[in-house]
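The numbers here are math on the coordinates, done by the rules we state, and not lab data. This structure is a prediction, so every number in the text was calculated from the model and none was measured. All Cβ positions, glycine included, derive from the backbone under ideal geometry; neighbour counts span all protein chains shown.
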Amino acid sequence: VDARQRLDPGGHPLRPADTVVVLGDPRALAPREVDALLDWVDRGGHLIVRTPPPGVVLAGEDVPLLDRLGVVAMDADPLCY
């Protein structure tokens, strides 16, 4: 296990069989990081990502990584609790 706060492809290149777990808010990823992650996934990488934290009002805000994966992040419906 190699844990770090930021991706560092220059210092720690990702290999096809590696797994990356994105525990932070995926909206914090820069577009170049999203591109790099998804290119790596296309080469066999494994990606586990969370949705934005509960209670965050999205109001139709795009989450580029989730959008590219076909996942739609929605506001919580308070009637569901």
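Data for the structure
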| read-out | value |
| --- | --- |
| Segment Ala17-Asp39, length gained on full extension (0.36 nm per residue, minus Cα span) | 6.6 nm |
| Trypsin sites (Lys or Arg not before Pro) lying in DSSP loop within region 1-45, provided at most 14 other Cβ fall within 10 Å | Arg4, Arg6, Arg43 |
| Total charge dipole magnitude, region 1-56, about the Cα centre, Cβ charges on Lys, Arg, Asp, Glu only, Debye to nearest 20 | 120 |
